[in-house]
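Engineer: I'd like to ask some things about the structure below.
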Amino acid sequence: MKLQDKVAVITGGVSGIGAATAKLFASEGAKLILVDMNEEKGASIEAELKSQGSEAIFIKADVTNEEQVKNIYTTAIDTFGKVDILFNNAGIGAVKPTEELTYAEWRKTVEVDLDGVFLVAQAAIKEFLKAGSGVIVNTASMYGWVGSPGSAAYNAAKAGVVNLTRSLGLEYAARNIRVNALCPGFIDTAILGDSDREALINTTPMNRLGKSEEMAKAVLFMASDDSSFMTGNSLIVDGGYTAQ
Ligand SMILES: NC(=O)c1ccc[n+]([C@@H]2O[C@H](COP(=O)([O-])OP(=O)(O)OC[C@H]3O[C@@H](n4cnc5c(N)ncnc54)[C@H](O)[C@@H]3O)[C@@H](O)[C@H]2O)c1
């Protein structure tokens, strides 16, 4: 097992890519702290993982709230004694023509998709420095690499996550903390909302949406020793979209 006795915090861990990764990590022997604002889904996935013999707890927290973020790590250390891995994955989508976007909507998207990633990573790094090691995988997007119309705030935030990842990777490279990012293409999760899925499929060279389970495998690679010489980098898993 690739994550035997490792303790992993997963934000956005009760839905889509986060939930699929939680299940894969559990099957690889990890103990899990699932963080999300959705209590109902949190209770349900915690119960599901426990019924399969995994150690998992759900913590309700908003990744943009500094106090709640601190509490994630306090609870994690109290419960499991340590944290080895952060999958920093919570995020919201936002599709609206720029001329109609309010500043409040811009701020909200950047607050969750960039500020939230920073806050949760910073709190992890403080623990990892005390422990002497740690691994972070941030969820960015293929839209951290290319633009698209109608999604300015999201795309700017995700590009921020790609360069935050490079910067943190470099800052802690010599201190045994690795930081990488997952850049998904169009993945079949709730975040797609009422987007025209046929249109998304038609612009993807592999002619389908990606699956959360396919993202989880890439996250496992970056979170485990399989990627022991990789830091500050991003893995684009997008069915060929950005190769066009
Ligand atoms: N699905 C895609 O096509 C796609 C593509 C590129 C990137 N991503 C990124 O993948 C990540 C996971 O998204 P998903 O596709 O699994 O969608 P999802 O909506 O299924 O999961 C996102 C989770 O984040 C949680 N969340 C949102 N705001 C939060 C906050 N402030 N504090 C705590 N939790 C919060 C939600 O409650 C939800 O459970 C996101 O960062 C998203 O931007 C998704």
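Engineer: Taking the range 128-160 as the search range and keeping residues that are open to solvent by 30 Å² or more (accessible area, probe 1.4 Å) and touching a strand residue (DSSP E or B) at 6+ places or on another chain (Cβ under 7 Å), which one is farthest from residue 184 (Cα to Cα)?
Structural biologist: Residues of the range 128-160 that are open to solvent by 30 Å² or more (accessible area, probe 1.4 Å), as a first pass: 129-133, 143, 145-149, 152, 154, 156, 159.
Remaining after also requiring touching a strand residue (DSSP E or B) at 6+ places or on another chain (Cβ under 7 Å): 133, 145.
On the way: 133: 26, 145: 11 Å.
My answer is 133.
Engineer: Which fully enclosed helices (runs of 4 or more DSSP H) of the range 140-244 have 2 or more residues being among the polar types (S, T, N, Q)? First the steps, then the outcome.
Structural biologist: Working: elements: 152-172, 197-202, 212-223.
Correct list: 152-172.
One line per residue, one yes/no per condition, for (1) within 15 Å of the chain's Cα centre (by Cα); (2) charged (D, E, K, R); (3) more than 15 Å from residue 216 (Cα to Cα):
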site	(1), (2), (3)
3	no, no, no
17	yes, no, no
20	yes, no, no
34	yes, no, no
58	no, no, yes
68	no, no, yes
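Engineer: So, one more: Hey, among 131, 123, which residue is in contact with a helix residue (DSSP H, G or I) (Cβ under 6 Å, 6 or more places away or on another chain) and at pLDDT 95 or above?
Structural biologist: Among 131, 123, only 123 is in contact with a helix residue (DSSP H, G or I) (Cβ under 6 Å, 6 or more places away or on another chain) and at pLDDT 95 or above.
Engineer: Filter the range 68-105 down to residues that are part of a helix (DSSP H, G or I), more than 13 Å from the ligand (Cβ to nearest atom) and free of Cβ contacts under 8 Å to residues at least 12 places away in the same chain and give me whichever is surrounded by the most Cβ atoms within 10 Å (Cβ to Cβ). Give the derivation first.
Structural biologist: First pass over the range 68-105, keeping only residues part of a helix (DSSP H, G or I): 68-80, 98-100, 103-105.
Okay, now just the ones that are also more than 13 Å from the ligand (Cβ to nearest atom), so 70, 73-80, 98-100, 103-105.
Narrowing the set further to residues that are free of Cβ contacts under 8 Å to residues at least 12 places away in the same chain leaves 74, 78, 99-100, 103-104.
On the way: 74: 12, 78: 8, 99: 5, 100: 8, 103: 8, 104: 8.
Here the answer is 74.
Engineer: Now, a different point. For the range 22-35, state whether one or more residues are small (Gly, Ala, Ser), in contact with a Gly (Cβ under 7 Å, 6 or more places away or on another chain) and surrounded by fewer than 21 Cβ atoms within 10 Å (Cβ to Cβ).
Structural biologist: no
The values are calculated or read from the model by the stated rules, or taken from the named source; none is laboratory data. Just so it is clear, the structure is predicted and the values come from calculations on it, not from any experiment. So basically every Cβ, Gly included, is an ideal-geometry build from the backbone, and we count neighbours across all protein chains shown. Just the protein is used for accessible areas: all its heavy atoms, side chains included, with ligands, DNA and RNA removed. Shrake-Rupley method; radii C 1.70, N 1.55, O 1.52, S 1.80 Å.
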